[in-house]
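The values are calculated or read from the model by the stated rules, or taken from the named source; none is laboratory data. Owing to the predicted nature of the structure, the values given are computational and were not obtained by experimental measurement. Here the Cβ positions follow ideal geometry from the backbone for every residue, glycine too, while neighbour counts run over all protein chains shown. In case anyone asks, the SASA skips ligands and DNA or RNA and just uses the protein heavy atoms, side chains included. Shrake-Rupley method; radii C 1.70, N 1.55, O 1.52, S 1.80 Å.
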Amino acid sequence: MVFAVARAATSRASHWSVKSFHSSGANLHGIKRVGVLGAGQMGLGIALVTANVSKLPVLLLDTNEDQLSKGLKFMDSLLKKDIAKGRLTEEQAAETRSRVQTTRSMADFSDVDFVIEAVSENPALKAKLFSDLAQATHKRAILATNTSSISITKIAAAAKGREEQVIGMHFMNPVPVMKLVEIIPGLATSNEVLRTTKDLAVAMGKTCTVSQDVPGFVANRLLMPYINEAIIAYETGIASKEDIDTTMKLGTNMPMGPLTLADFIGLDTCLAIMKVLHEQLGDTKYRPSVLLNKMVDAGWVGKKSGRGFYIY
């Protein structure tokens, strides 16, 4: 399987940017309406960028009415900040907001051309959702997952009969700010789906890289062991949390220290990704830190809970 994926990946462009998109004379992505599944921080960011940058209508789905309301309020606050900073006019912000509609029913995804799933890193949950999406969407719709570590091939297997249309589309947090999207084709993903996904991401103002379908892909295969090792350094008393973060910021020119970054990502998310790496790769170097497990058990999962390595 690894060889087959590697061979397919080498035949595909590994880097796709706004410049290459325009200079290549590529056709438009052909997507007319995007569905976003999950109104949390990532889903809301994806919906906002889709509506604001690519100018496409978006249907935002979440079964939790309170989460939908919270997400839309957060979107409004982001648009107001952009108006205040001169990035958008009030008219442009209103147009962006008008492109976003909400629903609590997957049946309303019947006429979307492209779905981006952005729920928590739970393999069983994603499998159930993709099984449902395969039934709810029309046969030509592309089904993308924002997973940061789970096998695309495994997720695609749940979308019976639609495996060729399933692909990984890993956005970075916060979506409106971060420029990269990792594109990850599964074993069965068609070249046409890969091409359309790249084109859509570029229309959203992103630069794309392509990764093989291996645990953690590129970003988290490198980032999470780094964060985990920083947590081990802290728990074993090598240095204080402040000195660990300062060393990496000022000594290696990182934009923020690893423990601060872990708090911003969410320690529960970090733990979930480390567990995937450890279980699927079987190497003890990916074993999650004992302290990371304890902090998640305590509910100290970072900025979103008000407490992680630091108090917020």
Starting from residues that are among the charged types (D, E, K, R) and more than 24 Å from P174 (Cα to Cα), keep the ones in the range 208-246 and report whichever is most open to solvent (accessible area, probe 1.4 Å). D243
State which residue is nearest to L271 (Cα to Cα) when the search covers only the range 121-145 and only residues that are out of contact with any Lys or Arg (no Cβ under 9 Å at 6 or more places or on another chain) and among the small types (G, A, S). A124
Screening E192, E229 for residues that are in a helix (DSSP H, G or I), over 23 Å from E121 (Cα atoms) and either at pLDDT 95 or above or touching a strand residue (DSSP E or B) at 6+ places or on another chain (Cβ under 9 Å) (or both) leaves only E192
Go through the range 271-308 and count every residue that is out of contact with any Leu (no Cβ under 6 Å at 6 or more places or on another chain) and either more than 15 Å from K241 (Cβ to Cβ) or of a type in the set (D, E, K, R) (or both). 26
Within the range 249-267, tally of residues that are open to solvent by 60 Å² or more (accessible area, probe 1.4 Å) and under 15 Å from Y310 (Cα atoms): 2
Under 6 Å between Cβ atoms, at least 6 apart or on separate chains: pull out the pairs that start in the range 96-109 with a residue that is without any contact (Cβ under 8 Å) to a residue 12 or more places away in the chain and end on any residue that is in a helix (DSSP H, G or I). none
Hey, among the residues in the range 188-207 that are hydrophobic (A, V, I, L, M, F, W, C) and within 18 Å of A51 (Cα to Cα), which one's most open to solvent (accessible area, probe 1.4 Å)? A203
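Does K294 count as modelled with pLDDT of 95 or more, part of a helix (DSSP H, G or I), farther than 29 Å from E164 by Cβ and open to solvent by 60 Å² or more (accessible area, probe 1.4 Å)?
yes
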Would you check if there is a residue in the range 175-196 being without any contact (Cβ under 8 Å) to a residue 40 or more places away in the chain, within 23 Å of K32 (Cβ to Cβ) and aliphatic (A, V, I, L, M)? yes
Just for the range 259-272: of the residues that are at pLDDT below 95 and among the aliphatic types (A, V, I, L, M), which one is farthest from S148 (Cα to Cα)? I265
Do you know which residues across the range 39-55 are farther than 15 Å from D76 by Cα and free of Cβ contacts under 8 Å to residues at least 60 places away in the same chain? K55
In the range 8-51, which residues are open to solvent by 30 Å² or more (accessible area, probe 1.4 Å), assigned to a helix (DSSP H, G or I) and modelled with pLDDT of 90 or more? Q41, M42
Can you give me the ranges of the helices (runs of 4 or more DSSP H) entirely in the range 52-150 with at least 1 residues that are under 16 Å from I167 (Cα atoms), open to solvent by less than 70 Å² (accessible area, probe 1.4 Å) and charged (D, E, K, R)? 123-136
Mind checking whether some residue in the range 234-241 is touching a residue at least 24 places away in the same chain (Cβ under 8 Å) and either in a loop (DSSP other than H, G, I, E, B) or closer than 15 Å to S149 by Cα (or both)? no
Working carefully through the options M256, M224, M248, find the one that is under 21 Å from the mean Cα position of the chain (by Cα) and either assigned to a loop (DSSP other than H, G, I, E, B) or farther than 26 Å from T147 by Cβ (or both). M256
The range 268-286, subset in contact (Cβ under 8 Å) with a residue 12 or more places away in the chain and farther than 18 Å from P123 by Cα, residue least open to solvent (accessible area, probe 1.4 Å): Y286
